[in-house]
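Reviewing the structure listed below.
The values are calculated or read from the model by the stated rules, or taken from the named source; none is laboratory data. Worth saying up front: this structure is predicted, and the values here are computed from it rather than measured. Cβ atoms come from the backbone with ideal geometry, glycine included; neighbour counts cover every protein chain shown.
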């Protein structure tokens, strides 16, 4: 396999490559299979390049192997990203600014020409910046590596004596570009992994901040057994619950659910918490606090965004055993009577969720509670949990758990969660889940 225009002083037949193709196909297949298997195991682009280079040297040996890049550069500048004979090879993806950049010269001309070629009887000008990397080299095999139609990278192989064969240039160009795409994909995968890692760490911080807004301890009120459960579907979520110690031994209990999921909902949840805790007046009756939150949310934060917050806020007075409450479009709490009365829900005046209309005025209602009664407040992540066939858990199943329970508030929450998990076949949590259970004695 010699080229017709081969100079008389060069052996244009690429003997190593010729010998490779003369080997039995089984031997070549075993070599290639072993190489691609080892390449597939690499997670570091630098290590993958090393594996590929070492294997290809056995097929296509060279005395010099130079990798170039003109990414983010303009003619006549070219960056030398890797030199086979340099023991201090830097990772070009992590130390790009430390790599040498050449101005003009043969290597720059080659990468901007974007043409695969073979150069024999190489001669360089004395002031050519490429001379440093090509000293003693007589022949070159130039393999452009294309990205978006341009030769942004290039591999230059050099030999001190034997020339390269034009017969094998198509295969060399093909293989080098396929490997280049594989390397680029691995680099992208690594960059995505690092980016997701940063986002994940930031989201965990957001989640920690959000959880710090929730009560660190549940109120210890004589005659009340209070338990709470809170789980987000992502790192952070839009559910919110809170308790307020009020004058006269009263206790305020708030549960809310921001529309949407994830970090955007968590931000609105944090804003809602902040507004609720900046109310400097008497938060009794409940409608007064909801009016305050709604006015600020709708006027300054959620107006025009389509975001809203459902909320239920109730104030229990142990002296009168009355629960005065206002509901901003939230799921009505479930009520289990302790003295054999009819179980059901606590219904009041229907009002819009918070953050939709700043002129909305919330209306108070009153529910008298008796010893043994159980009040269950929850967000729709409980009742809208889905089975594999997409059926909802629903309020009927929640009521069934509540009505059958003869245990503490915490045990009632545990029983509910077990039922929900079984119902969803232990599938992923797709919405935030919050429950507050208060038993009155």
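Given (1) surrounded by 22 or more Cβ atoms within 10 Å (Cβ to Cβ); (2) closer than 24 Å to residue 223 by Cα, identify the lone condition not met by residue 343.
(1)
Among the listed residues 53, 69, which satisfies the condition of being in contact with a strand residue (DSSP E or B) (Cβ under 7 Å, 6 or more places away or on another chain), modelled with pLDDT under 85 and surrounded by 14 or more Cβ atoms within 10 Å (Cβ to Cβ)?
One residue alone meets the criteria, 53.
For segment 256-270, does any single residue satisfy the condition of being assigned to a helix (DSSP H, G or I), free of Cβ contacts under 8 Å to residues at least 24 places away in the same chain and either touching a helix residue (DSSP H, G or I) at 6+ places or on another chain (Cβ under 9 Å) or buried (at least 18 other Cβ atoms within 10 Å of the Cβ) (or both)?
yes
Take the residues of segment 302-330 that are without any contact (Cβ under 8 Å) to a residue 60 or more places away in the chain and in a loop (DSSP other than H, G, I, E, B): which is surrounded by the fewest Cβ atoms within 10 Å (Cβ to Cβ)?
304
Filter the strands (runs of 3 or more DSSP E) completely within segment 116-226 down to those with at least 3 residues that are under 37 Å from the mean Cα position of the chain (by Cα) and in the same structural domain as residue 261 (by TED's automatic domain parsing).
Where strands (runs of 3 or more DSSP E) fall fully within segment 116-226, none carries at least 3 residues being under 37 Å from the mean Cα position of the chain (by Cα) and in the same structural domain as residue 261 (by TED's automatic domain parsing).
Any residue in segment 333-341 that is assigned to a loop (DSSP other than H, G, I, E, B), on the phi > 0 side of the Ramachandran plot and at pLDDT 90 or above?
No, every residue in segment 333-341 fails to be assigned to a loop (DSSP other than H, G, I, E, B), on the phi > 0 side of the Ramachandran plot and at pLDDT 90 or above.
If I filter segment 363-375 for residues that are within 16 Å of residue 231 (Cβ to Cβ) and in contact (Cβ under 8 Å) with a residue 60 or more places away in the chain, do I get at least one hit?
Checked segment 363-375: no residue is within 16 Å of residue 231 (Cβ to Cβ) and in contact (Cβ under 8 Å) with a residue 60 or more places away in the chain.
Exactly one condition in (1) farther than 15 Å from residue 433 by Cβ; (2) out of contact with any helix residue (DSSP H, G or I) (no Cβ under 8 Å at 6 or more places or on another chain); (3) surrounded by 13 or more Cβ atoms within 10 Å (Cβ to Cβ) is not met by residue 387; state its number.
Only one criterion in (1) farther than 15 Å from residue 433 by Cβ; (2) out of contact with any helix residue (DSSP H, G or I) (no Cβ under 8 Å at 6 or more places or on another chain); (3) surrounded by 13 or more Cβ atoms within 10 Å (Cβ to Cβ) is unmet by residue 387, namely (2).
Confirm whether residue 158 is touching a strand residue (DSSP E or B) at 6+ places or on another chain (Cβ under 7 Å) and touching a residue at least 60 places away in the same chain (Cβ under 8 Å).
Yes.
Can you report the number of residues in segment 346-362 which are without any contact (Cβ under 8 Å) to a residue 40 or more places away in the chain and out of contact with any strand residue (DSSP E or B) (no Cβ under 7 Å at 6 or more places or on another chain)?
Going through segment 346-362 one residue at a time, the tally reaches 3.
For segment 72-88, how many residues meet the condition of being without any contact (Cβ under 8 Å) to a residue 24 or more places away in the chain and buried (at least 16 other Cβ atoms within 10 Å of the Cβ)?
Within segment 72-88, residues that are without any contact (Cβ under 8 Å) to a residue 24 or more places away in the chain and buried (at least 16 other Cβ atoms within 10 Å of the Cβ) number 1.
Restricting to segment 271-287, give me the number of residues that are in contact with a helix residue (DSSP H, G or I) (Cβ under 7 Å, 6 or more places away or on another chain) and either at positive phi or buried (at least 22 other Cβ atoms within 10 Å of the Cβ) (or both).
Summing the residues that are in contact with a helix residue (DSSP H, G or I) (Cβ under 7 Å, 6 or more places away or on another chain) and either at positive phi or buried (at least 22 other Cβ atoms within 10 Å of the Cβ) (or both) in segment 271-287 gives 2.
Report yes if residue 416 is surrounded by 14 or more Cβ atoms within 10 Å (Cβ to Cβ) and either out of contact with any strand residue (DSSP E or B) (no Cβ under 6 Å at 6 or more places or on another chain) or without any contact (Cβ under 8 Å) to a residue 40 or more places away in the chain (or both), otherwise no.
Answer is yes for this residue.
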